[in-house]
Structures are given as C-alpha cells and as structure tokens.
Amino acid sequence: MARASVAKADAALATLQAQVDEMTVTAPIASQVYQIGAERGEYVSPGVPLLSLIDLSDVWLRFDLREDLIKGLKIGDRFDVKIPALGDRQITVAVRTIATRGEYAGWRATRATGDFDLRTFEVRAYPTAPIADLRPGMSAYAAWSASR
C-alpha cells in the first residue's frame with residue numbers, strides 16, 4: 001500500500017512538472033525582445049504570439065526602388081550608405097534580395113498624356129562587415145542613380 005502511495009505521488013509530481021514545462025516559453029534564437037503582446041497573468045490562446053523577438057545578428061537594410069532606378073542592379077552588387085544614427089557613418093552593403101515583382105506605384109501619378117505608373121521593388125542589402133551599433137529601424141541614405 002505504501003509503494004502504491006509513493007507511485008501515485010510520483011505520478012502526480014510528474015504531471016505537475018509536465019504542466020510547468022508546457023507553460024515555460026523559451027526563445028528559439030538568441031535575440032532581444034521587441035514587443036510584448038501579453039501581460040503577466042493574462043490568459044492567451046494557443047497560437048497567439050506572446051512577444052516579438054529581433055535577432056540583432058541578422059540586421060539588413062531595405063530600400064524601395066522605382067523600376068526605372070533598378071536597372072542594372074543585381075544580387076551581389078555593393079554600394080555605400082550613410083547611417084545618420086551612427087554619426088553619418090559610411091558602411092558598405094551588399095544586395096542579397098531583389099523582389100521578383102514590383103508592388104505599388106506611388107512614385108508617379110498616371111497622366112492623361114500617356115505616362116504610366118512606375119512600380120517599386122524592394123531591395124535588401126546586408127552590411128559586408130558586422131556593425132555593432134546598427135539597429136532595426138535606423139535610416140540609411142545612399143546616393144543612387146539609374147546608371148549604376
């Protein structure tokens with residue numbers, strides 16, 4: 001009878017430990033918290049994000065280029081940008097992604113004279129060397145011409 005009680009207590013302990021393990025959330029990557037979507041003690045449904053994480057080892061720059069300016073740009077191209085938040089520090093970036101399709105046309109309005117809207121393509125460029133103080137959301141400026 002004593003062994004049965006011990007086994008029952010062990011089973012109850014294992015059940016509680018399993019419940020604690022289910023409620024423990026761990027980050028899938030080394031990162032920093034960006035936004036918290038749930039408050040302490042709040043009930044959340046499965047699948048609802050608890051918080052947003054940012055991987056600061058994977059920082060990139062996004063440029064939206066009009067289709068007439070993107071001519072000649074290709075994956076691997078490098079160019080210099082200035083980061084105002086870092087004292088106008090100049091860094092070299094390399095293009096890794098160019099959108100396969102233009103998204104919106106907000107650069108020129110359609111005119112009755114036969115002109116057409118120019119689409120915009122998202123370009124992602126990554127620093128060629130790690131920049132310790134570069135953070136998501138910082139502005140970057142590049143001198144750009146269509147003749148690149």
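About its Cα centre, what dipole magnitude does the chain give when the only charges are +1 on Lys and Arg Cβ and -1 on Asp and Glu Cβ, stated in debye to the nearest 20?
Numbers: 18 positive and 18 negative charges, 89 e Å.
Computed charge dipole of the chain: roughly 420 debye.
How high is the relative contact order of the range 1-109, given as a whole-number percent (alpha carbon pairs under 8 Å, six or more residues apart)?
On the way: 69 pairs, mean separation 16.6, N = 109.
So the answer I get is 15 percent.
Once the other residues with Cβ under 15 Å from the Cβ of Gln32 are scored (Lys, Arg +1; Asp, Glu -1), what is the net sum? Please list the in-between numbers first.
Details: positive: Arg135; negative: Asp55, Asp58, Asp133.
Result for the local shell: -2.
Please determine, in degrees from 0 to 90 and to the nearest 10, the orientation of helix 2-23 with respect to the longest principal axis defined by the Cα atoms of the chain, where the helix direction is its Cα long axis.
10
May I ask which residue of Ala18, Ile91, Gly47 lies farthest towards the positive end of the charge dipole of the range 1-105, with charges of +1 (Lys, Arg) and -1 (Asp, Glu) on Cβ and the Cα centre as origin?
My answer, from the dipole projection, is Ile91.
Starting from the amide H of Arg89, placed 1.01 Å from N in the peptide plane, find each other amide H under 5 Å away whose residue is 5 or more places distant or on another chain.
Distant-sequence amide H within range of Arg89: Ile83.
With a 1.4 Å probe and all protein chains in place, put Lys74, Lys8 in order of accessible area, largest first. Intermediate values should be presented prior to the final figure.
Working: Lys74 120, Lys8 155 Å².
Output order, biggest surface exposure first: Lys8, Lys74.
Keeping all protein chains in position, work out how much accessible area Ile131 exposes to a 1.4 Å probe, and write it in Å² to the nearest 10.
About 30 Å², rounded to the nearest 10.
The values are calculated or read from the model by the stated rules, or taken from the named source; none is laboratory data. Worth saying up front: this structure is predicted, and the values here are computed from it rather than measured. With ideal geometry, Cβ positions are generated from the backbone for all residues, glycine too; neighbour counts draw on all protein chains shown. Heavy atoms of the whole protein, side chains included, go into the accessibility calculation; ligands, DNA and RNA do not. Shrake-Rupley method; radii C 1.70, N 1.55, O 1.52, S 1.80 Å.
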